[in-house]
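Q: Here you go, one structure.
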Amino acid sequence: MSGEHGTTSHDAPWTSGDLARRVRARRIALGLTPEEVADRAGMDAGFVRLVERRPTILNPGALTRLADALHTTTSDLLGSHPDRASGWGPAAAHPVLEPMSPTECMTVLERGGVGRVAVSAGDDIDVLPVNFVVHDGEVVFRTGPSTVLARQANRRVTFEVDRIDESLRSGWSVLVRGPARVLTEPDLHLVAATAELEPWAGGVRDLYVTITPERVSGRRIHV
């Protein structure tokens, strides 16, 4: 579906429906109906309902009008705050912290993203960010041959991924513990051919390192 405000699609970038959840949560927090939001934003009420139900791409003008109608910012609706760490906003009034099952933990890991590897470096512990994918149940990232991460091959490491949504006052954190190893043929060829993994840091990072999950745990915060 497309129109003057934007498009809705199951293939839209926000496939998890984050924008929809943020719009709905903000509307409910203000005690507004979809019709009232639509009137404030100069939109059709049916379109506002659709935004709350499906992944949606809004053009910049429509996004700004919707944010104004909800007395918030476009960054809050999109969950995007450049140069600011996650978790800056206030917590929910009555948050609930629950453990995540190993299956649930692996489900969120399989979406990939950026995580942190904690490694021993002499008397210190370094925590280094890496972008990763999950391939055949293992966490995979790339690094350079002379890096601290490369020297962790055949050692146990801890890998952590988290996400905080300030607008929804919710989030989760997953820990993976297990041995790291540098991939060699034929595993290297298989992973390189099937896993789309380009390091954000750039440069020559042609070592593929995997972490085999031996212990997986997580926690989720929700309201």
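Laboratory data are not the source of any read-out in this text; all were calculated from the coordinates shown. Since the structure is predicted, the reported quantities are computational estimates derived from the model, not experimental observations. FYI the Cβ positions are ideal-geometry reconstructions off the backbone, even for glycines, and counts take in every protein chain you see.
Q: Tell me the GluC sites (Glu not before Pro) within the range 137-223 that lie in a loop according to DSSP and have at most 16 other beta-carbon atoms within 10 Å. Could you put the intermediate results ahead of the total?
A: Numbers: sites: E138, E160, E166, E196, E214; in loops: E166, E196, E214.
Taking the range 137-223 and a limit of 16 other Cβ atoms within 10 Å, the loop GluC sites (Glu not before Pro) found are E196, E214.
Q: Here's another thing I want to ask about it. L197: net charge of surrounding residues, Cβ under 10 Å, Lys/Arg +1, Asp/Glu -1, itself excluded? Write out the running numbers ahead of the final one.
A: On the way: positive: R142, R205; negative: E196, E198.
Around L197, the charge tally is 0.
Q: Okay, moving on. Report, in degrees rounded to the nearest 10, the 0 to 90 angle that the Cα long axis of helix 18-30 makes with the longest principal axis of the chain.
A: For 18-30 against the chain, the angle is about 50 degrees.
Q: Please rank I57, I28, fewest neighbouring Cβ atoms within 10 Å first, as an exposure proxy. Provide the component values of the computation, followed by the final result.
A: On the way: I57 17, I28 11.
Lowest count first: I28, I57.
Q: From a point 7 Å beyond the Cα of D206 in the direction of its Cβ, which residues of the range 122-144 have a backbone N at a distance under 18 Å?
A: 141-144
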